[in-house]
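Here is the structure we will look at, set down as structure tokens.
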Amino acid sequence: MPDLPALKNDLLLRAVRGDQLDRPPIWVMRQAGRYLPEYHEAKGNHDFFACCRSPEIASTLTLQPIDRYAGLIDAAIIFSDILVIPQAMGMTVQMLDGKGPHFPRPLKSPTDGQYEELMARQIDVALELSYVYEAITLTRQKLDGRVPLFGFCGAPWTLLCYMVEGGGTKLFKESKTWIYKYPDASKKLLRKLSELCTTYLALQVKAGAQIVQVFDSWAAELSPSAFKEFALPELRYISSHLPVTLRKMDLDLVPMVVFAKGAWYALEELCDSGYQVVGLDWLQDPAEAAKAAKAMPEGRVCLQGNMDPGVLYGGREAISKAVAEMVEGFWADGEGRGWIANLGHGVTPFVNPDDLKFFFEEIHRLSKDKRSSK
Ligand SMILES: Cc1c2[nH]c(c1CCC(=O)O)Cc1[nH]c(c(CCC(=O)O)c1C)Cc1[nH]c(c(CCC(=O)O)c1C)Cc1[nH]c(c(C)c1CCC(=O)O)C2
């Protein structure tokens, strides 16, 4: 374990522990990204994945929102992508400008040689993704304890979608063909991804990640029963095996966050899936979700979310109204526990960075008001 600066702002970790707070910790998904002019400046003409592979560039991009919103936000997330796992498995992935990720040779079927070759291959996650760990360690040094640093990975179901579709999709034709026509082969691939993700997250923790998040961005495409069959067991595999792996590596455990976008139908299962934090999108009503989380038998999980990022296009009045609704819902009792403020998905391009700043300020203001009126 490298010698790293100690944490000065532990608000996020205290929220996860269930401590009573004056305001919730705040961060947003994709907080380093295209809405920031400094992102374009630092990225220049570099290819997206070249930025991920350069610890210097990746750490610079990670720190941009921390510098810009100093004192307002409480976590950083390492600049990288969920698709580095398929890359580590030997697949080519490009990021096309304006189009998103592209795999020139997606997985066609279980009988195509590529699947068998991929399943048989020994993948050295330590070696293949060493640049991520270096970026994490460097970022921890540059952060100097200002806020904790998130590591992350894609969830197996979402990774499978990209690997078989070859990129983004509206139809999910290939993904559905795989799980419904070849369920056994799909499950073998999903399990392999779970194993790789577990090792990958453990190595991120070893490099300095202080909390980790698993992104299941395509959960909404599954029916409740298909989610239980293909997605949830893998999310559970990761939450149960990561602590075991960390212990074997002689490392302290870190909190784990699950974000299954669109899986409103599985809220209870997610609250009982071994993660300490459940990320919510804006299909969830804050008050209803808080009630469900509180009712969990093993004690309450911490919730994270969940304003529609689209509200940021609507101006200040709309932002205040949506923040007030979140504060009322997640802190219904004014008790000040169990909530990490965030958006319901990543911040989108063309958002005005000052409107995002206003969102942060409103969370500070309205949550403190709520606590002091208690
Ligand atoms: C599905 C997914 C991907 N990547 C990721 C997910 C899960 C979260 C989600 O659902 O949004 C995760 C991700 N991608 C990125 C981060 C960085 C950390 C952060 O949140 O600030 C994180 C956590 C950077 C990025 N990843 C990407 C960018 C934009 C790259 C650019 O054009 O400069 C960034 C900053 C590109 C990317 N990467 C991916 C897509 C579909 C795209 C294109 C769409 C888009 O541009 O928004 C795959």
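The values are calculated or read from the model by the stated rules, or taken from the named source; none is laboratory data. The structure presented is a predicted model; accordingly, all values stated were derived computationally and were not measured. Cβ coordinates were reconstructed from backbone atoms using ideal geometry, including for glycine residues, and neighbour counts include every protein chain displayed. Areas reflect the complete protein model, heavy atoms only, side chains present, ligands, DNA and RNA absent. Shrake-Rupley method; radii C 1.70, N 1.55, O 1.52, S 1.80 Å.
Of everything in segment 192-206 that is of a type in the set (A, V, I, L, M, F, W, C) and within 21 Å of G346 (Cβ to Cβ), the residue that is surrounded by the most Cβ atoms within 10 Å (Cβ to Cβ) is C197. With the condition kept exactly as written, say whether any residue in segment 35-49 is out of contact with any Cys (no Cβ under 9 Å at 6 or more places or on another chain), at pLDDT 95 or above and among the polar types (S, T, N, Q). Scanning segment 35-49 turns up no residue that is out of contact with any Cys (no Cβ under 9 Å at 6 or more places or on another chain), at pLDDT 95 or above and among the polar types (S, T, N, Q). For segment 214-222, the criterion of being more than 16 Å from the ligand (Cβ to nearest atom), of a type outside the set (S, T, Y) and out of contact with any Asp or Glu (no Cβ under 7 Å at 6 or more places or on another chain) is met by none of the residues. The strands (runs of 3 or more DSSP E) located wholly in segment 77-196 that include 3 or more residues which are touching a Ser or Thr at 6+ places or on another chain (Cβ under 9 Å) occupy 149-154. The set of residues from segment 300-310 being over 10 Å from C271 (Cα atoms) and either assigned to a loop (DSSP other than H, G, I, E, B) or without any contact (Cβ under 8 Å) to a residue 24 or more places away in the chain (or both) comprises just one member, D308. Considering segment 168-191, the residues that are under 17 Å from S217 (Cβ atoms) and of a type in the set (G, A, S) include one that is most open to solvent (accessible area, probe 1.4 Å), namely G168. Residue under question is R30, and the condition is that it be open to solvent by 50 Å² or more (accessible area, probe 1.4 Å), under 16 Å from G151 (Cα atoms) and either within 10 Å of the ligand (Cβ to nearest atom) or of a type in the set (S, T, Y) (or both); does it hold? Yes, satisfied. Return a yes/no flag: does segment 359-369 have any residue that is touching a residue at least 12 places away in the same chain (Cβ under 8 Å), among the hydrophobic types (A, V, I, L, M, F, W, C) and open to solvent by 10 Å² or more (accessible area, probe 1.4 Å). For segment 359-369, residues touching a residue at least 12 places away in the same chain (Cβ under 8 Å), among the hydrophobic types (A, V, I, L, M, F, W, C) and open to solvent by 10 Å² or more (accessible area, probe 1.4 Å): present. R105 meets each of the listed conditions (1) open to solvent by 40 Å² or more (accessible area, probe 1.4 Å); (2) within 23 Å of P349 (Cα to Cα) apart from (2). On the basis of being β-branched (V, I, T), within 19 Å of the chain's Cα centre (by Cα) and either open to solvent by 10 Å² or more (accessible area, probe 1.4 Å) or away from the ligand (no atom under 16 Å from the Cβ) (or both), does V323 make the cut? No: the conditions fail for V323.
A search for C-beta distances below 6 Å between a residue of segment 151-173 that is closer than 29 Å to V205 by Cβ and any residue that is of a type in the set (S, T, Y) and open to solvent by 10 Å² or more (accessible area, probe 1.4 Å), counting only pairs 6+ apart in sequence or on different chains, returns T158/S217.
Just one residue in the set A287, A292 is open to solvent by less than 80 Å² (accessible area, probe 1.4 Å), out of contact with any Leu (no Cβ under 9 Å at 6 or more places or on another chain) and outside any strand (DSSP E or B); that residue is A287. Return the only residue of L235, L280 being under 15 Å from the mean Cα position of the chain (by Cα), touching a residue at least 24 places away in the same chain (Cβ under 8 Å) and under 16 Å from G329 (Cα atoms). It is L280.
In segment 111-121 there is at least one residue matching the filter, namely being touching a residue at least 60 places away in the same chain (Cβ under 8 Å), more than 11 Å from the ligand (Cβ to nearest atom) and open to solvent by 10 Å² or more (accessible area, probe 1.4 Å).
Only residues that are near the ligand (Cβ under 8 Å from one of its atoms) and surrounded by fewer than 15 Cβ atoms within 10 Å (Cβ to Cβ) were counted in segment 55-98, giving 2. Residue check: is A209 crowded, with 18+ Cβ neighbours inside 10 Å, aliphatic (A, V, I, L, M) and not in a helix (DSSP H, G or I)? So A209 fits the description; yes. Tell me, please, whether a residue that is farther than 30 Å from F359 by Cβ, open to solvent by 20 Å² or more (accessible area, probe 1.4 Å) and in a helix (DSSP H, G or I) can be found in segment 39-54. So far as segment 39-54 goes, yes, one or more of its residues are farther than 30 Å from F359 by Cβ, open to solvent by 20 Å² or more (accessible area, probe 1.4 Å) and in a helix (DSSP H, G or I). Every condition in (1) at pLDDT 95 or above; (2) of a type outside the set (F, W, Y); (3) under 28 Å from A50 (Cβ atoms) holds for E116 except the one numbered (3). The residue pairs whose first member lies in segment 33-53 and is more than 15 Å from A135 (Cα to Cα) and more than 8 Å from the ligand (Cβ to nearest atom), whose second member is outside any helix (DSSP H, G or I) and open to solvent by 30 Å² or more (accessible area, probe 1.4 Å), and whose beta carbons are closer than 6 Å, counting only pairs six or more residues apart or on different chains, are Y35/P349.
Tell me yes or no: at least one residue of segment 146-159 is open to solvent by 20 Å² or more (accessible area, probe 1.4 Å), within 16 Å of A209 (Cβ to Cβ) and over 19 Å from the mean Cα position of the chain (by Cα). Checked against the condition, which is being open to solvent by 20 Å² or more (accessible area, probe 1.4 Å), within 16 Å of A209 (Cβ to Cβ) and over 19 Å from the mean Cα position of the chain (by Cα), segment 146-159 yields at least one hit.
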